[in-house]
1. For MET1, only one of the following conditions fails: (1) open to solvent by less than 70 Å² (accessible area, probe 1.4 Å); (2) of a type outside the set (Gly, Ala, Ser); (3) touching a Lys or Arg at 6+ places or on another chain (Cβ under 7 Å). What is its number?
2. Go through (1) closer than 21 Å to GLY83 by Cα; (2) not in a helix (DSSP H, G or I) one by one and return the number of the condition SER31 breaks.
3. Within the set of pairs 6 or more residues apart or between chains, which connect a residue that is at pLDDT 95 or above inside segment 66-77 to a residue that is part of a helix (DSSP H, G or I) and among the small types (Gly, Ala, Ser) with Cβ atoms less than 9 Å apart?
4. Which numbered condition trips up ASP25, out of (1) under 10 Å from the mean Cα position of the chain (by Cα); (2) without any contact (Cβ under 8 Å) to a residue 12 or more places away in the chain; (3) not in a helix (DSSP H, G or I)?
Amino acid sequence: MRLCPRQKRALNALLSAPQMRENLDSIAGCSNAPELVAGLRRKGVSIPCDRIERYDKDGKACYPGIYSLTAEDKLVVRDWLKGA
């Protein structure tokens with residue numbers, strides 16, 4: 001599987017732990033992690049996004065997403081990264 005450096009960095013991070021969108025932006029070196037994840041999904045991994053409750057600076061509830069790899073995704077991703 002052909003992966004760009006941003007995708008590789010994002011996948012390596014997701015292999016180690018679920019990641020918040022902002023973390024993936026920083027780790028991958030991009031400013032639109034949702035599009036990066038969408039591109040990876042088009043390549044065949046599911047990368048679920050769960051909404052978690054957090055509070056913004058004004059104390060209001062918000063529900064940012066946290067991305068993770070399924071057990072099946074991890075098998076596929078490890079195979080991809082071996083060949084990359």
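The values are calculated or read from the model by the stated rules, or taken from the named source; none is laboratory data. Computed from a prediction, not measured in an experiment: that's the story for all the values here. Backbone-built Cβ (ideal geometry, glycine too); neighbour counts: all protein chains shown. Heavy atoms of the whole protein, side chains included, go into the accessibility calculation; ligands, DNA and RNA do not. Shrake-Rupley method; radii C 1.70, N 1.55, O 1.52, S 1.80 Å.
1. So the condition that MET1 fails would be (1).
2. (1) is the only condition that SER31 fails.
3. Close Cβ pairs (under 9 Å, with a partner that is part of a helix (DSSP H, G or I) and among the small types (Gly, Ala, Ser)) amount to TYR67/ALA10; TYR67/ALA33.
4. Here ASP25 clears every test but (3).
Per-residue answers, yes or no, for (1) touching a residue at least 24 places away in the same chain (Cβ under 8 Å); (2) in a helix (DSSP H, G or I):
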residue	(1), (2)
ALA13	no, yes
ALA38	no, yes
ASP58	no, no
LEU81	yes, yes
